[in-house]
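The values are calculated or read from the model by the stated rules, or taken from the named source; none is laboratory data. On a predicted model such as this, the values are computed, not experimentally measured, just so you know. Every residue, glycine among them, receives a Cβ derived from its backbone with ideal geometry; neighbour counts consider all protein chains shown. Surface areas here come from the heavy atoms of the whole protein model, side chains and all, with no ligands, DNA or RNA. Shrake-Rupley method; radii C 1.70, N 1.55, O 1.52, S 1.80 Å.
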Amino acid sequence: MLVLAGCSVGGPLEGGDRDDPATDRLGWEDGYWHDDPVDVTFDDGLNETERRRVVARTMARVEKIRGLEFESRVPVAVISRDEYRQQRGERASDPDSEFNRWNDQVWEAIFIVDEDESVAQTLDSVFGSSVQGYYSPSKDEIVLVSNSETPTVDRTTLSHELVHALQDQHFGLGTNPETQDAQLAEDGLVEGDANVVENTYERRCGGQWSCLSRPESGGGGGSGPFNRGLFTTIFAPYAAGPGFVEELKQRGGWDAVDDAYDQYPSSTEQVIHPGRYPDDKPVRITLNDRSSADWERFDVDPEYDTVGEASIYAMFWANDQLGDHPQYDYTHPYSTGWDGDRVVPYENDGQYGYVWRSEWDSADEAREFVAAYRDLLRSHDAEARGDGVFVVPESDPYADAFRVQRSGATVTIVNAPTTGQLDDVHSR
């Protein structure tokens with residue numbers, strides 16, 4: 001049931017002592033002012049009526065912080081964790097599909113998902129047991145993941161997802177960026193915006209506002225080994241995004257953040273280093289097909305991916321190349337200086353390889369990346385064969401041949417099952 005903001009079908013809910021405004025106002029939603037109390041019994045979870053009360057006041061608080069008015073009430077649905085996992089499984093579809101086999105090679109190229117793993121299934125193991133709720137742009141609703149029909153509601157989860165609903169109502173969400181880096185960059189704005197509002201909400205709960213207690217955290221149970229490299233990659237928008245949004249606010253307040261939805265950051269480099277937004281765009285990489293007749297690119301569009309600075313950082317962090325560097329500080333000399341990249345996977349009758357070309361701001365930064373990448377190969381017991389060729393032994397999950405070449409600020413990495421096939425994937 002759709003309820004326009006400021007209108008309450010079926011009568012207003014119990015709010016505070018003040019009268020409802022004649023027209024909708026910032027900080028008032030569905031019968032509640034942002035500083036009204038709510039009459040709920042929290043210990044046994046929230047029934048549908050109680051959830052609506054909590055959602056109404058939280059909407060009023062979110063719009064008060066964000067300075068944007070909700071255009072319509074946001075419905076909240078509840079699904080079980082098994083239903084959520086089933087939905088994720090349906091979205092992942094066949095792990096042996098053309099796209100998933102192509103995507104596996106992209107993640108293998110950054111040493112995060114190995115040859116024996118499926119990216120689709122690994123993502124499910126990361127998300128399946130940890131997600132508490134999400135906003136669905138296709139349904140215009142928030143979905144809480146709980147095995148109870150009267151779930152407890154974490155105020156941080158609710159405020160965060162309501163920001164996404166507010167973003168969708170004003171700017172439209174649900175775009176489909178072509179590459180991994182572009183998706184993470186857009187998420188840097190979207191999640192950074194939501195995290196800034198959520199953090200402000202929490203600070204006000206410390207004294208300015210009376211807030212519901214937060215429920216005790218509890219996992220849903222893992223469905224497989226946890227992949228810390230993959231999590232480090234997909235967490236980049238949440239960790240680096242708030243700093244990006246705060247930089248925009250310093251430039252021009254919330255109006256500058258609003259304007260960014262008309263010009264999303266074009267790379268995770270811009271999110272990690274906000275001073276490079278919006279002018280320092282990544283270079284376009286040219287990577288001509290120089291494979292033999294037996295090797296071909298996948299039938300996907302586009303046939304390449306761009307992994308970007310955040311994913312390169314995650315590659316080095318997950319493979320223990322950064323020492324005691326903090327996990328969620330995505331600025332490191334090994335990845336800073338990125339100026340663009342392109343990964344093109346290849347296949348040949350059940351065999352796989354790829355070409356990964358990256359461009360750096362200078363020859364020195366490219367040289368630093370190559371030195372770190374060779375150390376990463378050696379951490380997998382790679383044997384140097386000369387002329388930039390390395391072989392990771394069969395005992396390692398990334399067993400393959402690699403050719404690493406640098407020309408000025410350009411680095412080209414070729415991967416194939418054997419050294420004899422490197423030229424077949426990409427001739428010198």
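Of note:
- Once the mean of 1/r is taken over each pair of separate Cα atoms and inverted, region 293-428 shows a Kirkwood hydrodynamic radius of 15.5 Å.
- Per the Cα gyration tensor, region 374-422 maps to an equivalent ellipsoid with semi-axes of 18, 12, 9 Å, ordered largest to smallest.
- Whole-percent carbon and sulfur share, accessible surface of region 176-309, 1.4 Å: 40
- Spin-label proximity, SER407 to region 273-306 - amide N less than 15 Å from point 7 Å beyond Cα toward beta carbon: 285-291
- Surface composition of region 374-428: carbon plus sulfur atoms hold 41% of the accessible area, using a 1.4 angstrom probe and ignoring ligands, DNA and RNA.
- Over region 63-202, all Cα pairs binned in 5 Å intervals from 0 give whole-percent P(r) values of 2, 9, 15, 18, 20, 16, 12, 6, 3, 0, listed from short to long.
- In straight-distance terms, cross-link reach from LYS64 covers every one of the lysines whose alpha-carbon lies under 22 Å from its own, apart from those fewer than eight places away in the same chain; here that gives LYS249.
- Shape call, region 148-276: gyration tensor on alpha carbons, a/c limit 1.5: oblate
- Equivalent ellipsoid semi-axes - Cα gyration tensor, region 19-144, angstrom: 40, 17, 12
- Normalised by 2.2 N^0.38 Å, where N is the number of residues, the C-alpha radius of gyration of the chain stands at 1.10.
- Gain on full extension, evaluated as 0.36 nm per residue between ASP20 and ASN199 minus their Cα-Cα distance, stands at 61.6 nm.
- MRE, 222 nm, helices only [DSSP H, n ≥ 4, -39500 (n - 2.57), over the chain, to nearest 500]: -12500 deg cm²/dmol
- Relative contact order computed over region 51-148 (Cα-Cα under 8 Å; 6+ residues apart), in percent: 36
- A P(r) calculated from all alpha carbon pairs of region 202-353, with 5 Å bins opening at zero, reads 2, 7, 12, 13, 14, 16, 14, 11, 6, 3, 2, 1, 1, 0 percent.
- Remark: relative contact order (the chain) = 13 percent; criterion is Cα-Cα distance under 8 angstrom and separation of 6 or more residues.
- Packing-based order for 396-404, 129-137, using average beta carbon neighbours within 10 Å, highest first: 396-404, 129-137
- Kirkwood hydrodynamic radius computed over region 130-192 comes to 12.9 Å, based on all pairs of distinct alpha carbons.
- For the pair ARG378 and ASN288 in one chain, pulling the backbone fully straight at 0.36 nm per residue adds 29.5 nm over the alpha carbon distance.
- For the chain, built as a Gaussian network whose Cα springs stay under 10 Å, the top-fluctuating residue of VAL74, VAL300, VAL283: VAL300
- Here the dipole of the chain is about 800 debye; that uses its Cα centre as origin and unit charges on the Cβ of Lys and Arg (positive) and Asp and Glu (negative).
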